[in-house]
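Participant: Got a structure here, written out as structure tokens. Questions coming.
All of the numbers you see were taken from the coordinates with simple rules; none came from a lab. Small disclaimer: the values here were computed from a predicted structure and weren't measured. Using ideal geometry, Cβ is built from the backbone for each residue, glycine included, and neighbour counts are taken over all protein chains shown.
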Amino acid sequence: MKKYEYTASAAWLERAKKVLAAGISSEFRKYNHPHALFYTHGSGTKVYDVDGNEYLDFTLSQGPLILGHSHPEVLDAVKNASLKGQLFAGQHAMEIELAEKLQQIIPSAELIRFCLDGSEAVQTALRVARSKTGKSKFLRFEGHYHGWLDNVCYGISTPSPEAMGPRDSPAMHPWTQGLPEGAAEESFLLPWNDLDLVAKKLEEHHQEIAAIITEPVMCNNGCIPPKAGFLKGLRTLCSQYGVALIFDEVITGFRLGLGGAQALFGVTPDMAVFAKAIGSGYPISAIVGKRDWMEEIASARVIHAGTMNTGNPTVAAALATINILERDDPYPKMNALGERLRSGLRDIAKVSGQPMLVSGIGPVVHTGFTDLESAVDFRDVLLFDKAKLKTFVSRLHDRGLRIIGRGLWYISAVHTAEEIDQALELAEEVLTAQDR
Ligand code: PLP
């Protein structure tokens, strides 16, 4: 077995620390194994680091690379567009083409605005909801990640499961220091998948609540699907109380199908935000919504702006990505590979005697260590054995298989059945050797 060493990355990290805060450019990169690593290139399902290590990549760079690394058609589109210019401080035709495409394939996409990433798309949707309803708060769910900006930095990290507080009024643990006074008061927080709690909160506070924002599948913690009727129930409650229903499809978008989770589950939100897979690694996101909500932006009652929005190469990347997804329809294959990985991992867990819970949906797979038979919310996920997961992820990594540290595996359109089987072989080797 090749020995994976990280000495070159370690040296780069030391140098980086002298110029980049903590040597990194996004907090999550700190959690690469065994420390922040430096990569040289990626191609298809493989990525390579400065030590010359090759990895079979199931991180897809935290999700965007739905077509794998360096897809040649996307690169061609980017190159051709770049040769014509980068930004015009004005509109260009490809944006219309891209927006028309979204309008055709995403149920809630009657009007669209593009920006750069998921975090700002979320904030724009919340601003629209406040403007249209005249109310100022929003309701969100424990363990759902909506970016790193002030008002959504609660309920995603917690000192311990015991510190979560009561289910109907969870503790608002901040993820970061430096939040402005009052940021916590902008939102109500609840455990996910509990419609009765949402109904009660809305009954008591609907006059303050402008929006409910949810990941339609809780992909940021455990990859937990919604309980039957939960999303539909949110839809009904939002319509009843004049509250915007916002789906955060930053992960589910273009991954669970061309129309996102909303098409898959047959529940149409008032607005939705897309990022990650829409652009194959180029910085683009979209706020899409029903016309009567997006009219807030169209009328300029809500201001949405950005110098860097819809750069020529970026839009070209998104258009190429969506055209390829539409032309090739990789979803049946991706879903089948997801199922192959899930069932293979479950078999291995059984044989090895490891308490591994395998969950997920379509091409998103999650592995957590717990005796629970299923997880329905963040409180369950907090009980998972983090040390066991770390050992599993690190040992896979040391054998050339890269998954996201929280136990998440993303399958791209270019992964093959052989690669899934190769991953299963490695997982078996690691799990069998791991302490029970
Ligand atoms: N929403 C969800 C569901 C996410 O997973 C993320 C990022 O992981 C975001 C929003 C924030 O997106 P970005 O990192 O592009 O700002």
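Participant: Among the lysines, select those whose C-alpha is under 17 Å from the C-alpha of K17, and discard any that sit fewer than 8 residues away in the same chain.
Facilitator: K30
Participant: Using only DSSP helix segments of four residues or longer, with each worth -39500 (n - 2.57), what per-residue ellipticity at 222 nm results for the chain after dividing by its residue count and rounding to 500?
Facilitator: Calculated at 222 nm, the ellipticity per residue is -11500 deg cm²/dmol.
Participant: Which order results if W192, W148, W409 are arranged by neighbouring Cβ count within 10 Å, fewest first?
Facilitator: W148, W192, W409
Participant: With the convex hull built on the Cα atoms of the range 72-328, state its orientation-averaged projected area in nm².
Facilitator: Convex hull of Cα atoms, orientation-averaged projection: 14.1 nm².
Participant: Within the range 38-142, which trypsin sites (Lys or Arg not before Pro) sit in a loop by DSSP and count at most 14 neighbouring Cβ atoms inside 10 Å?
Facilitator: Qualifying residues, ordered by number: K84.
Participant: Cα convex hull of the chain: how many Å³ per residue?
Facilitator: Each residue corresponds to 147 Å³ of Cα convex hull volume.
Participant: Next question. Among E419, E120, E181, which one shows the highest mean-square fluctuation when the chain is modelled as a Gaussian network with alpha-carbon springs under 10 Å?
Facilitator: It is E181.
Participant: L383 to E425: extension gain in nm, 0.36 nm per residue of separation minus the Cα-Cα distance?
Facilitator: Working it through step by step, the gained length comes to 12.4 nm.
Participant: Remind me, relative contact order of the chain in percent, using alpha carbon pairs under 8 angstrom and six or more residues apart?
Facilitator: Reported relative contact order: 22 percent.
Participant: Also: Using the count of nearby Cβ atoms within 10 Å as a rough guide to exposure, how do V250, V47 rank from fewest to most?
Facilitator: Placing the least packed residue first, the sequence is V47, V250.
Participant: In whole Å, how far is the Cα centre of the range 255-298 from that of the range 300-359?
Facilitator: Comparing the Cα centres of the range 255-298 and the range 300-359, I get a distance of 14 Å.
Participant: Next question. Hey, fewest Cβ within 10 Å first, where do F138, F265 land in order?
Facilitator: So the residues, fewest neighbours to most, are F265, F138.
Participant: Grab the other residues whose beta carbon is less than 12 angstrom from that of R436, score K and R as +1, D and E as -1, and report the net.
Facilitator: Around R436, the surrounding residues sum to -2.
Participant: Just to be sure I understand: of the beta bridges DSSP finds with both ends in the chain, what percent are antiparallel, rounded to 5?
Facilitator: Antiparallel bridges make up about 65 percent of those DSSP assigns within the chain.
Participant: Here is a further query. What does the charge add up to near I24, with Lys and Arg as +1, Asp and Glu as -1, over the other residues with Cβ less than 10 Å from its Cβ?
Facilitator: After counting each charged neighbour, the total is +2.
Participant: Based on the Cβ-Cβ distance from D329 to V50, what FRET efficiency comes out when R0 is 56 Å, to the nearest 0.05?
Facilitator: 0.90
Participant: Which helices, taking whole DSSP H runs in the chain, have alpha carbons extending 18 angstrom or more along the helix axis plus mean Kyte-Doolittle at least -0.5?
Facilitator: Within the chain the helices that satisfy the rule are 93-105, 118-133, 312-328, 417-433.
Participant: If I take R0 = 56 Å and measure r between the Cβ atoms of I96 and E5 in this structure, what FRET efficiency does the formula 1/(1 + (r/R0)^6) give, to the nearest 0.05?
Facilitator: Here the calculated transfer efficiency is 0.65.
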